[in-house]
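Asks: Here it is, the structure in full.
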Amino acid sequence: MKQTILVVEDDQMIRGLIRMHLEKHDYDVVEASDGEEAQHAYIQYGPCLIILDLMLPNMSGEAFCEWVQSRQQNETSIIMLSAKSRVDDKIAGLKMGADDYLTKPFEPDELIAHVEAVLRRTGQHCQKIVHNGLCIKPRKGEVLLYNQAIQLTKHEFNLLYFLMQHPDIVHNREQLIDQLYPHAEDTVLDRTIDAHIKKLREKIETNPSTPERILTVRGMGYKFASG
């Protein structure tokens with residue numbers, strides 16, 4: 001599973017170069033050009049790491065960093081980018097909550113080294129899957145929808161986790177029964193899965209009658225739509 005990195009940088013050329021090098025190293029990349037756009041991207045994509053330029057329009061990098069740190073159960077690491085190279089500037093950034101600080105200009109390989117080092121230290125806390133504002137955290141047994149906690153039963157959680165692990169792949173009811181009830185001695189009926197799906201949709205869909213996340217593929221089964 002790829003880790004998602006949010007690149008918050010006002011300069012489009014620098015942002016594009018960072019994206020290109022991150023994608024070469026198999027990261028999913030989301031871009032934002034200012035702090036307000038970054039807030040929306042953070043809530044929607046739940047990145048494991050943010051590469052944050054401090055000089056931003058509309059909302060400063062410092063203010064966005066403080067906003068991220070204030071989020072309940074925040075599990076996102078931050079690498080700050082700045083042209084300020086004085087030691088006290090770096091110390092101020094780290095005290096603000098950044099995990100690393102990189103001064104401009106920098107070489108792409110240097111940035112990748114910093115990204116890999118931070119994720120080695122903090123990546124174990126980011127075992128989550130996020131699709132369009134829906135975030136599941138298997139280590140903590142939590143589900144968030146646009147940063148609001150959703151209460152699921154054990155079977156609902158396991159079903160959602162399995163579907164989100166395999167987005168856009170259709171699973172028939174028998175496969176889903178095997179996932180939820182691997183040691184069942186009695187026959188589990190197909191409509192048991194249908195009931196779990198119905199309850200899940202009521203909790204995670206804007207309109208359960210016309211779902212956009214968990215889709216029915218007629219005659220085949222169900223799939224989680226990533227788009």
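Asks: Would you check if GLU212 is assigned by the TED database to the domain that holds ILE150, closer than 26 Å to LYS2 by Cα, charged (D, E, K, R) and surrounded by 16 or more Cβ atoms within 10 Å (Cβ to Cβ)?
Replies: Judged against the criteria, GLU212 is not a match.
Asks: From the list ALA113, ALA149, which one is of a type in the set (Gly, Ala, Ser) and over 30 Å from LYS24 (Cβ atoms)?
Replies: The conditions single out ALA149.
Asks: Kindly list, by first and then second residue, each pair from a residue in segment 87-113 that is within 17 Å of GLU66 (Cβ to Cβ) to a residue that is open to solvent by 50 Å² or more (accessible area, probe 1.4 Å) and of a type in the set (Lys, Arg), limited to pairs with Cβ atoms under 8 Å and residues at least 6 apart or on different chains.
Replies: Close Cβ pairs satisfying both conditions: ASP99/ARG121; TYR101/LYS90.
Residue by residue, here is whether (1) under 25 Å from ASP194 (Cα atoms); (2) open to solvent by less than 30 Å² (accessible area, probe 1.4 Å); (3) not assigned by the TED database to the domain that holds ALA38 holds:
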{"site": "LYS84", "(1), (2), (3)": "no, no, no"}
{"site": "CYS135", "(1), (2), (3)": "yes, yes, yes"}
{"site": "PRO138", "(1), (2), (3)": "yes, no, yes"}
{"site": "THR153", "(1), (2), (3)": "yes, no, yes"}
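Asks: On to the next question. Against the conditions (1) farther than 20 Å from ILE5 by Cα; (2) out of contact with any Gly (no Cβ under 9 Å at 6 or more places or on another chain); (3) open to solvent by less than 80 Å² (accessible area, probe 1.4 Å), where does ILE193 fall short? Just the number, please.
Replies: (2)
Asks: If we keep just the residues of segment 37-59 that are surrounded by 15 or more Cβ atoms within 10 Å (Cβ to Cβ), free of Cβ contacts under 8 Å to residues at least 40 places away in the same chain and more than 14 Å from the chain's Cα centre (by Cα), which is farthest from THR122 (Cα to Cα)?
Replies: MET59
Asks: Those residues that are charged (D, E, K, R), over 24 Å from GLY16 (Cβ atoms) and out of contact with any Cys (no Cβ under 8 Å at 6 or more places or on another chain), I need them from segment 100-141; list them, please.
Replies: Hits for segment 100-141 are ARG120, ARG121, LYS137, ARG139, LYS140.
The values are calculated or read from the model by the stated rules, or taken from the named source; none is laboratory data. All figures in this text were calculated on a predicted structure; none of them were measured in a lab. As a convention, Cβ positions derive from the backbone with ideal geometry for all residues, glycine included, and neighbour counts pool all protein chains shown. Accessible surface areas use protein heavy atoms only, side chains included; no ligands, DNA or RNA. Shrake-Rupley method; radii C 1.70, N 1.55, O 1.52, S 1.80 Å.
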